[in-house]
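The next block holds one structure in the form of structure tokens; read it before the comments.
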Amino acid sequence: MQTEPPDRAALGDPHADDTALGLLLASAHRAARAALGDELRPLGIETRHHAVLAALDRLGPASQRRLGALLGLDKSAVVRVMDELERLGLAERKRDAHDRRAYAIELTDEGRRCARASAETAAAVGARLFGALDPADRARLVELLTGIAGRAADISTGGETNRP
């Protein structure tokens, strides 16, 4: 995967061009995801596995539907990731005690160890990526990204786009 930043001149000026700004944001996401992926590789997992492991470690057992909603994954993506996690011995599907039609996903003991190790890895990568931000810049970045994510969700659902 490419981790080098794109040639900004070829993409336009992100200061004045919304498309170029979107491409820069996408490039930053790809580079950050690749950096995390590189660091997770020795644990035998990928970023998509880490996201599910982290959610299950925080929440405890959860349905496939809930995991998909929390992580923004469609049903088929959750099934694929769960197949991989089961194959790796990190999680297992059990019938949900409250809804026999659904599965509750649970971490195995090895899955809990891997979730915690991947959380430490992700924290270290995050510190390298975001540690140079002072608290005010970090707060502003969170505010801006939250607004962008909200407006994008509004657009995709045909809703209101007057968020800050």
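The values are calculated or read from the model by the stated rules, or taken from the named source; none is laboratory data. What you see is a predicted model, and the numbers here were worked out from it, not measured in a lab. Backbone-built Cβ (ideal geometry, glycine too); neighbour counts: all protein chains shown. Note: accessible area is taken over every heavy atom of the protein model, side chains too, but ligands, DNA and RNA are not part of it. Shrake-Rupley method; radii C 1.70, N 1.55, O 1.52, S 1.80 Å.
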Under the helix-only model (-39500 (n - 2.57) for each DSSP H run of 4 or more, divided by the residues of the chain), the mean residue ellipticity at 222 nm, to 500 deg cm²/dmol, is -21000 deg cm²/dmol
Taking one equal scatterer on every alpha-carbon of the chain, how large is log10 of I(q)/I(0) by Debye at q = 0.11, 0.17 1/Å? -0.59, -1.18
Regarding region 86-132, what are the three Cα extents along the principal axes, ordered largest first, in Å? 48, 19, 14
Relative contact order for the chain: what percent, with Cα pairs under 8 Å and sequence separation of 6 or more? 17 percent
Just add up the charged neighbours of Gly131: K/R +1, D/E -1, any other residue whose Cβ is under 14 Å from the Cβ of Gly131. 0
What value in Å³ per residue do you get for the convex hull of the alpha-carbon atoms in region 31-84? 85 Å³
What is the local net charge at Arg100, summed over the other residues whose Cβ is closer than 14 Å to its Cβ (Lys, Arg +1; Asp, Glu -1)? +2
Rounded accessible area per residue of the chain, 1.4 Å, Å²: 67 Å²
Extension gain from Ala152 to Asp17, taking 0.36 nm per residue of separation minus the Cα-Cα distance: 46.9 nm
